[in-house]
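K.L.:
Have a look at this one before I ask anything.
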Amino acid sequence: MGWITPLGHDLETVWAAMLRGDSGVDRIAHFDATTFPSTFAAQVKNYDYRPYVKHPQWHEGVGLNTGFALGAAAQAWQMAGLDEAKFDRQRLGIYLGSGEGSLDFDNYVWSNLTSWNAEQRQVDTVKWADAALKHLTAVREFEQEPNMPLSHLAMEFDAQGPAYNCLTACAASTQAIGEATEVLRRGDADIMIAGGAHTMIHPFGVTGFNRLTALSTRNDDYAGASRPFSVDRDGFVLGEGAGMVILESLEHAQQRGAEPLAEIAGYGSTADAYRITDMQPDGRGAIAAMSQALADAGVKPGDIGYIAAHGTGTAENDSIETLAIKAVFASDGDRSRVPPISSIKSMTGHLIAAAGVTQAIVCTLVLRDGIIPPTRNLHSPDPACDLDYVPHTARKAKVDICLSNSFGFGGQNDSLVIRRV
């Protein structure tokens with residue numbers, strides 16, 4: 001497994017930062033956001049993908065999404081010991097949850113601005129085309145397709161097997177891991193690179209989320225802005241990055257002498273069938289996704305020792321996720337039956353399509369190290385969010401099975417059960 005995040009660029013550095021409760025949030029540096037309602041985000045800093053890959057010349061001019069994906073995948077590849085392994089590359093596949101590229105939105109925004117006809121109050125299409133062409137010649141790759149990271153990963157690792165990309169908003173990389181597991185289960189591949197990469201820290205992305213009133217506007221307190229489950233939360237903090245895991249059938253891993261880190265034991269996926277940006281108020285989709293994942297893994301709610309919450313810091317998500325968790329784990333009203341929960345988004349911000357895979361990696365590290373990362377900034381818990389969210393300080397705990405939740409715009413709900421091996 002590997003990740004590129006606002007807290008760092010390697011597995012152990014990021015994990016240590018999470019356990020300390022560090023924040024990766026700062027003033028937006030990608031563009032001048034001083035006039036925006038939200039002037040801050042969780043950005044990847046001082047990162048260059050080229051040292052991570054063997055063939056940097058193949059990837060010149062890629063967008064941020066692809067660069068993040070390459071670095072995270074290279075870490076996972078090396079950790080899995082695949083550099084020296086001999087295997088059928090047509091049995092090596094990829095399943096990514098990857099967002100739209102940033103260059104296309106920057107180009108779109110600046111082409112509009114530079115071709116605006118103030119007298120006619122509309123865009124001059126001739127000037128717009130000229131501006132777009134000038135931008136395109138400035139970068140080799142116009143990253144307008146969400147599957148660009150997938151294509152570059154396939155080139156870098158010579159992955160000739162099944163290749164899939166999903167863009168199900170904030171649930172994308174959890175869905176990618178779940179669906180990649182299904183590819184392995186049905187025998188269509190032996191190894192799958194799975195995860196997600198995303199950045200929406202550009203004028204179009206920030207404007208869109210601000211218009212939805214989904215972002216925190218706590219401009220005087222960057223580090224304290226992401227407040228999942230807190231009564232004074234006012235929205236999520238936009239983040240960026242990538243996370244990747246190498247999934248492999250147990251038989252294939254054993255044949256090459258690989259030591260599994262954990263097992264993807266269960267997967268559940270549902271749709272709210274409700275609204276584009278709102279969760280179904282009674283949490284039916286989230287309840288069904290968690291229940292499906294538990295059933296798929298053959299475990300009971302009481303077997304789960306830790307829940308990696310979606311925990312965005314929006315009023316709606318946190319309260320409905322809490323409601324759904326209680327419905328699954330404490331249907332009799334006994335909250336003591338609910339395991340510890342935390343939200344790493346309080347530290348990393350919301351990595352959108354890369355959010356779920358970072359939680360899956362966290363779950364694996366919880367199993368490995370016996371310690372649960374905290375929920376930062378939980379100073380004033382919401383009475384409606386009345387569970388154990390591990391506030392402020394990491395907690396030692398013997399955990400054998402974790403549950404990870406991801407809920408995306410459009411009503412996509414995905415849950416994973418991750419088990420010790």
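K.L.:
Restricting the first residue to the range 254-270 and requiring it to be in a loop (DSSP other than H, G, I, E, B), which pairs with a second residue that is hydroxyl-bearing (S, T, Y) meet a Cβ separation below 8 Å and a spacing of at least six or different chains?
P.N.:
Matching pairs, first to second residue: L261/T364; A262/T364.
K.L.:
Let me ask something additional. Determine, yes or no, whether C363 is assigned by TED's automatic domain parsing to the domain that holds L167, not in a helix (DSSP H, G or I) and not small (G, A, S).
P.N.:
The answer is no for C363.
K.L.:
Does D32 fit the bill of being of a type in the set (D, E) and modelled with pLDDT of 95 or more?
P.N.:
For D32, the condition - of a type in the set (D, E) and modelled with pLDDT of 95 or more - is not met.
K.L.:
Output the residues belonging to the range 1-53 that are assigned to a loop (DSSP other than H, G, I, E, B), free of Cβ contacts under 8 Å to residues at least 60 places away in the same chain, surrounded by fewer than 22 Cβ atoms within 10 Å (Cβ to Cβ) and not basic (K, R).
P.N.:
A29, D32, T34, T35, N46, Y47, D48
K.L.:
Now, a different point. Restricting attention to the range 90-117, which residues are modelled with pLDDT of 80 or more and exposed (fewer than 14 other Cβ atoms within 10 Å of the Cβ)?
P.N.:
Q90, N117
K.L.:
State the number of residues belonging to the range 366-377 that are assigned to a loop (DSSP other than H, G, I, E, B) and touching a Gly at 6+ places or on another chain (Cβ under 9 Å).
P.N.:
4
K.L.:
Among the residues that make up the range 316-338, is at least one of them outside any helix (DSSP H, G or I), touching a residue at least 12 places away in the same chain (Cβ under 8 Å) and either touching a strand residue (DSSP E or B) at 6+ places or on another chain (Cβ under 9 Å) or within 28 Å of P383 (Cβ to Cβ) (or both)?
P.N.:
Yes: the range 316-338 contains one or more residues that are outside any helix (DSSP H, G or I), touching a residue at least 12 places away in the same chain (Cβ under 8 Å) and either touching a strand residue (DSSP E or B) at 6+ places or on another chain (Cβ under 9 Å) or within 28 Å of P383 (Cβ to Cβ) (or both).
K.L.:
In this structure, is I246 touching a Phe, Trp or Tyr at 6+ places or on another chain (Cβ under 7 Å), part of a strand (DSSP E or B) and in the same structural domain as A69 (by TED's automatic domain parsing)?
P.N.:
Spelling it out, I246 is indeed touching a Phe, Trp or Tyr at 6+ places or on another chain (Cβ under 7 Å), part of a strand (DSSP E or B) and in the same structural domain as A69 (by TED's automatic domain parsing).
K.L.:
Looking only at the range 392-399, decide whether some residue is at pLDDT 95 or above, of a type in the set (S, T, Y) and surrounded by fewer than 19 Cβ atoms within 10 Å (Cβ to Cβ).
P.N.:
Yes, the range 392-399 contains at least one residue that is at pLDDT 95 or above, of a type in the set (S, T, Y) and surrounded by fewer than 19 Cβ atoms within 10 Å (Cβ to Cβ).
K.L.:
Related question: Among the residues of the range 348-358, is there at least one that is over 30 Å from L11 (Cβ atoms) and either of a type outside the set (F, W, Y) or in contact (Cβ under 8 Å) with a residue 40 or more places away in the chain (or both)?
P.N.:
Scanning the range 348-358 turns up no residue that is over 30 Å from L11 (Cβ atoms) and either of a type outside the set (F, W, Y) or in contact (Cβ under 8 Å) with a residue 40 or more places away in the chain (or both).
K.L.:
Something else now. Go through (1) part of a helix (DSSP H, G or I); (2) surrounded by 24 or more Cβ atoms within 10 Å (Cβ to Cβ) one by one and return the number of the condition Y389 breaks.
P.N.:
The number of the failed condition is (1).
K.L.:
Restricting attention to the range 370-413, report how many residues are over 26 Å from A225 (Cα atoms) and touching a residue at least 40 places away in the same chain (Cβ under 8 Å).
P.N.:
Residues that pass the stated criteria total 6.
The values are calculated or read from the model by the stated rules, or taken from the named source; none is laboratory data. Small disclaimer: the values here were computed from a predicted structure and weren't measured. Cβ sites come from the backbone with ideal geometry, for glycine too, and all protein chains shown count toward neighbours.
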